[in-house]
1. Restricting the first residue to the stretch 279-291 and requiring it to be under 14 Å from residue 489 (Cβ atoms), which pairs with a second residue that is buried (at least 16 other Cβ atoms within 10 Å of the Cβ) and aromatic (Phe, Trp, Tyr) meet a Cβ separation below 6 Å and a spacing of at least six or different chains?
2. If you check residue 441 against the conditions, is it of a type in the set (D, E, K, R), within 30 Å of residue 197 (Cβ to Cβ) and either buried (at least 24 other Cβ atoms within 10 Å of the Cβ) or touching a residue at least 24 places away in the same chain (Cβ under 8 Å) (or both)?
3. Where residues in the stretch 189-210 are surrounded by fewer than 18 Cβ atoms within 10 Å (Cβ to Cβ) and modelled with pLDDT under 95, which of them is farthest from residue 254 (Cα to Cα)?
4. Out of curiosity, is residue 462 of a type outside the set (Asp, Glu), surrounded by fewer than 20 Cβ atoms within 10 Å (Cβ to Cβ) and touching a residue at least 24 places away in the same chain (Cβ under 8 Å)?
5. If you check residue 483 against the conditions, is it touching a residue at least 12 places away in the same chain (Cβ under 8 Å), buried (at least 23 other Cβ atoms within 10 Å of the Cβ) and among the hydroxyl-bearing types (Ser, Thr, Tyr)?
6. Find the residue count for the stretch 496-532, including only residues that are touching a strand residue (DSSP E or B) at 6+ places or on another chain (Cβ under 6 Å) and not in a helix (DSSP H, G or I).
7. So which strands (runs of 3 or more DSSP E) are wholly in the stretch 231-291 and hold at least 1 residues that are surrounded by 15 or more Cβ atoms within 10 Å (Cβ to Cβ) and hydrophobic (A, V, I, L, M, F, W, C)?
8. Just to be sure before I move on: is residue 356 touching a helix residue (DSSP H, G or I) at 6+ places or on another chain (Cβ under 6 Å), more than 30 Å from residue 550 (Cα to Cα), of a type outside the set (Phe, Trp, Tyr) and surrounded by 15 or more Cβ atoms within 10 Å (Cβ to Cβ) in the structure I sent?
Amino acid sequence: MHKILSLITLTLLAACTPTLPTRMPVQPEMASEITDKPGWAYARQAVAAANPLATQAGHQILRAGGSAVDAAIAAQMVLGLVEPQSSGIGGGAFLMYFDGQQVSAHDGRETAPAGADPRLFLDLQGKPLPFNDAVLSGRSVGVPGAVRMLEAAHRKHGVLPWARLFEQAIDLAEQGFQISPRLNTLLQADPHLRKDPLALRFFYDAQGQARPVGQVLRNPEYAHVLRLIATQGSRALLEGPVAQAIVARTAMPPHPGSLSLQDLSQYQSRDRQALCFDHTALARTYQLCGFPPPSSGHIAIGQILGLLGNTTPQGSEYANGLPSPDYVHRYTQASQLAFADRAQYVADPDFVSAPAGDWRSLLAPDYLRERSQMIGSQSIREAQPGQPGGYKSSYAPMPKQTEYGTSHISVVDAKGRVVAMTSTIEAAFGSRRMVTTDASRPGGFLLNNQLTDFSFAPTDAQGLPIANRVEPGKRPRSAMSPTLVFDKASGQVLMTGGSPGGALIIHYTAKLLVGTLHWQLNTQEAINLPNFASLNGPTLLETKRFPALTVNMLKARGHDVLEIDMTSGLQAIQKTPQGWFGGADPRKEGIVLGD
């Protein structure tokens, strides 16, 4: 109960006071202990982020007259401090933005160093490295892209001065924040972070135990780096002493990487054309806009929804707070088909051509109608890729591989500008390599292990190349799915949302869309729904959330059912007649604040 009261108290403070204190009470507990959240209604503007302190930072920027992009930047800088396991200045991000007229997509995905090659994650015998060996190596670190992308987005869409957006994160880093139960639990459980001497000294006590819940943690080195970025821009991170420290950390064993100062200084974010498609639910047509490749997320979501639209439900799809067994069956079969195509085709578009010359070929109605005929009464178990537009690929499918990570921010400002941004350092605590420019100054920031999103094997057994193999300067395929929803007829923005969760991001975001658009739930109700998925293998159900009847009915239809923890972190804000309504995932510690 005290967790619920803390959330309600925080919301009331936001509504009643002109400013919020820098420090907060101990934050809500980690996702494995579900915390009921009411959803939050506001009239003019709102921000949803994965930690109350980050939400507060974005909210203060909105109250100061900042744009949605300004608020997202402020929130992200705080997330890098208080949620270091998920995202930060050592990682990357995708940002979707609506300025009231047009949608834009800003790509801050990490890139492989110039010295990387397709054998990056192979051992001396030509075999793929064990996954954790690769994650903890210097080879896993890609050129961090989030800060340069946010700087470019701010130049186009920012209102407040760049330096103003860093003040709250700098203040928190210097004064300290209370360690949340979630951060404490993740620190204690992580088997690798203690191997880094800088991280060991910062996050753990002399006995190697995680610093306790409620202890005030100060990070003066992070404050120092943010000050440099605030005054000098992204070059303060990608050039000079900070860049030298990044390169030095990646060059350390085991398996040193080739990241160079030139790789860092030459990094460029990309502005891409948003990928939008129409989707009809309950006789209303929506336009769903998301990120194109190198993200696979929006294509996979579009395929799943399109395939489902060509199937016939057996009875109600949703009842008593749960999707029906028939719906889960059809959904997971659609997922298997979508993930087979994902493994075959999707990679960095600067290196790999779209099938039939257009990524939308994977969303073509005729193609999805044809593929949907494979969804029958029994599980496919493992689908094979299709041939959109009759296209026959010269690539081999990517083998199944672990995917991690991320954090999500959604913002709507008082002028109707909207952000959906998903950011990441990949695995929990990234490559477990902490960067500092001064060893006498505690703290710093963690580097990503984003390059493990590439295929470890560059070819299949027959020697055919894999589209998502490592290549110099290439961006690894992602599942991040920041999404904007519009009413097709009026063009009005209706929702911004997204989630962390590795490859499961696709399913968490699809669940949000189905729940709100098809089942007429509000964002909080849709987020609260139990999670379910398939990655083109077993059917995954969130543990203890589905009745035995559902499990048994799926098994009877040929499903290999696994009940697992599925820790989504959905954040979403939707348009209502009264203004905006935001939801935050009860599995994590995020909240929504606004006015």
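1. Filtered contacts from the stretch 279-291: 279/286; 287/486.
2. When the stated conditions are applied, residue 441 passes them.
3. Here the residue is 189.
4. Numbers: of a type outside the set (Asp, Glu): yes; surrounded by fewer than 20 Cβ atoms within 10 Å (Cβ to Cβ): yes; touching a residue at least 24 places away in the same chain (Cβ under 8 Å): yes.
Judged against the criteria, residue 462 is a match.
5. The answer is yes for residue 483.
6. 10
7. Working: elements: 270-272, 275-281, 284-290.
Because the criterion is at least 1 residues that are surrounded by 15 or more Cβ atoms within 10 Å (Cβ to Cβ) and hydrophobic (A, V, I, L, M, F, W, C), the strands (runs of 3 or more DSSP E) in the stretch 231-291 that meet it are 275-281, 284-290.
8. yes
The values are calculated or read from the model by the stated rules, or taken from the named source; none is laboratory data. What you are looking at is a predicted structure, and each value in this text was computed from that prediction instead of being measured. All Cβ positions, glycine included, derive from the backbone under ideal geometry; neighbour counts span all protein chains shown.
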